[in-house]
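Visitor: Sharing a structure here in structure tokens format.
The values are calculated or read from the model by the stated rules, or taken from the named source; none is laboratory data. Remember, it's a predicted structure, so these values are computed and weren't measured experimentally. When we count neighbours, we look across all protein chains shown, and the Cβ atoms used for this are built from the backbone with ideal geometry, even at glycine. The area values use the complete protein model at the heavy-atom level, side chains included, leaving out ligands, DNA and RNA. Shrake-Rupley method; radii C 1.70, N 1.55, O 1.52, S 1.80 Å.
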Amino acid sequence: MKIHTFAGALALSASLTAQWQETTPASSPAGRAGHGMACDPSSGDVVVFGGDTFAFPAGPTNQTWRYDGATWTNANPATSPPASVGVSLVYDSNRAVFVTYGSLSTSFFGGPSADRTWEYDPLTNAWSENVLLTTTPGGLGLYGMSFDSVVGRTVLYGGLPDNFFPIDSDQTWEYDGNDWTLVTTTGNPGPLERPGMCFHAGIGRSVVFGGIDVQTGGNDDVWLYQSNGNGTGTWSTAIVTGPRPTVRTGCRLVYDSARQVCVLTGGQDPNNGTPFGDTWELTVDGAGNGAWTQVTSAYTNARLDAGLAFVPTRRQVVMFGGANFVTFQAYGDTWEYGAKSRTFGNGCPGSNGVPTLDAADAPRFGENYVLDVGNLNTSVNVAFVALSLSDIPPTPLDVIGMTGCTAYVLPVALATVTGSAGSASLSTAMPTTVGLLGTSIFSQALSLDPQVNAAWLTASNAHEGTLGG
């Protein structure tokens, strides 16, 4: 078979995609919803603060957890904000601290939202409250928040001042690390709680989608906010063509800086309470023209009020927790969304050791996916790379003369590669079709190795690459 046969099969595989993958960290926080979550791009660590665990009698928590891509660790800082629910967390890259604000009242009887501003320094593992503020938003929960790296300010929009008498805010606030400023804006999305919000560095604007006004309901508009950095700013609706996510509250929105798209997932139907588990990507330009693409994806248990963060060092969107308010269940699972690379299975010995197969990077949109084969017979330096869209159960190859070798892939295509000094590489251009997100590409190499066995072939381990950004 030829390599272009595999490219054609890949183009037809959109229906096979499953981009979200659940991770299995060694330890993990208890299930929770309404927590703040953001990433420290310098370390790649994801930080979670607060949330409601739905435990009785002490559901709300003030715990701080950190996730390094392998495990969650309870940071246990010496000082922490009070237990908080309905909060957001952003990373202020100018000052290298995380910022959170407010909280719904955690009283059983409801009441005014908390009015407090806290910062977390990941290097010293220390929380500190800014008690020198002269102006504040006055107490909010369920707001949207982003960090505008252009003007160096945390931007807060909307929120619920009082969860006993619910009237949502339509105010825009900015925090520069010293004080909050009520921004005078041209336009705004109207009163809003539980919106998805992130900062799109590619166009220099904050993006808002979803959320509802508890008095009138929600909408499916995309709003863009441009701060002037001087107490004024402009809100405008993006001109979105084509399909779009349905109206929802409690969704999460995060900016993938590697591909310059906003990724949205989750939320709840404000009319019947049904949680969502769908995933969408938004592309938008500086002129405010945008388009949504729904990604074929799946994770267990639709949810709202989860935590969502993008990790640039690994190019992964990470989701933790969330809840189903119909069943009143909080989730404690961790999911990742992005291109991935892993090896599995075992090769069999050849004249230059056991052949190996690996990739320097995962398969990514519009880039070359390079598979490296090692430990080839140095006098031949030829390998055959089997490519497929699925793996097979480990199958012994003794029957065809490859004694002690195992097959993990039934090839859709078989590519011949030559190299030198026992190494060779196969480079395949990846497509740019978003509908192919999550497609798995399985591969295994065969080393041409005369006189090692009756088939003159030895096999490598197998490899799986998950197509993403």
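Visitor: Which of the residues that make up segment 313-369 are assigned to a loop (DSSP other than H, G, I, E, B), open to solvent by 30 Å² or more (accessible area, probe 1.4 Å) and farther than 29 Å from GLY250 by Cα?
Guide: Within segment 313-369, GLY345, ASN346, PRO349, ASN352, VAL354, ALA360, ASP361, PHE365, GLY366, GLU367 qualify.
Visitor: Could you give every pair whose Cβ atoms fall below 6 Å, whose first residue belongs to segment 330-353 and is at pLDDT below 95, and whose second residue is basic (Lys, Arg) and assigned to a strand (DSSP E or B), counting only separations of at least 6 or pairs across chains?
Guide: Short answer, once both residue conditions are applied: ALA339/ARG364.
Visitor: Residues being open to solvent by 40 Å² or more (accessible area, probe 1.4 Å) and closer than 13 Å to PRO77 by Cβ: count how many of those fall in segment 96-125.
Guide: Counting residues in segment 96-125 that are open to solvent by 40 Å² or more (accessible area, probe 1.4 Å) and closer than 13 Å to PRO77 by Cβ gives 4.
Visitor: Right, another one. Can you name the condition, by its number, that PHE442 falls short on among (1) over 30 Å from LEU282 (Cβ atoms); (2) of a type in the set (Phe, Trp, Tyr); (3) surrounded by fewer than 20 Cβ atoms within 10 Å (Cβ to Cβ)?
Guide: For PHE442, the exception is condition (3).
Visitor: Further, regarding this structure: Search segment 1-43 for residues being charged (D, E, K, R) and either assigned to a strand (DSSP E or B) or touching a helix residue (DSSP H, G or I) at 6+ places or on another chain (Cβ under 6 Å) (or both), and hand back the single one that is modelled with the highest pLDDT.
Guide: My answer is ASP40.
Visitor: Right, another one. Suppose we filter segment 250-291 for residues that are open to solvent by less than 20 Å² (accessible area, probe 1.4 Å), more than 25 Å from ASN324 (Cα to Cα) and either without any contact (Cβ under 8 Å) to a residue 60 or more places away in the chain or not in a strand (DSSP E or B) (or both); how many remain?
Guide: Count: 1.
Visitor: Please find, within segment 435-455, the residue that is modelled with the lowest pLDDT out of those that are of a type outside the set (S, T, N, Q) and assigned to a loop (DSSP other than H, G, I, E, B).
Guide: Looking at residues that are of a type outside the set (S, T, N, Q) and assigned to a loop (DSSP other than H, G, I, E, B), I get LEU437.
Visitor: Please determine, by comparing only the residues of segment 44-66 that are of a type outside the set (Gly, Ala, Ser), in a loop (DSSP other than H, G, I, E, B) and open to solvent by 30 Å² or more (accessible area, probe 1.4 Å), which one is modelled with the lowest pLDDT.
Guide: PRO57
Visitor: Confirm whether PHE164 is assigned to a loop (DSSP other than H, G, I, E, B) and closer than 23 Å to THR117 by Cα.
Guide: yes
Visitor: Look at segment 385-409 and say how many of its residues are open to solvent by 50 Å² or more (accessible area, probe 1.4 Å), touching a residue at least 24 places away in the same chain (Cβ under 8 Å) and either within 38 Å of the chain's Cα centre (by Cα) or more than 22 Å from GLN451 (Cα to Cα) (or both).
Guide: The qualifying residues number 3.
Visitor: Pairs, please: C-beta under 8 Å, at least 6 apart or cross-chain, first residue closer than 18 Å to GLY177 by Cβ and in segment 128-150, second basic (Lys, Arg)?
Guide: Once the first residue is closer than 18 Å to GLY177 by Cβ and sits in segment 128-150, its partners that are basic (Lys, Arg) give GLU129/ARG116; PHE147/ARG153.
Visitor: Any idea which of THR428, THR432, THR458 is part of a strand (DSSP E or B), of a type outside the set (Phe, Trp, Tyr) and under 30 Å from THR283 (Cβ atoms)?
Guide: On inspection, the qualifying residue turns out to be THR428.
Visitor: Does any residue of segment 83-95 turn out to be open to solvent by 30 Å² or more (accessible area, probe 1.4 Å) and under 22 Å from the mean Cα position of the chain (by Cα)?
Guide: yes
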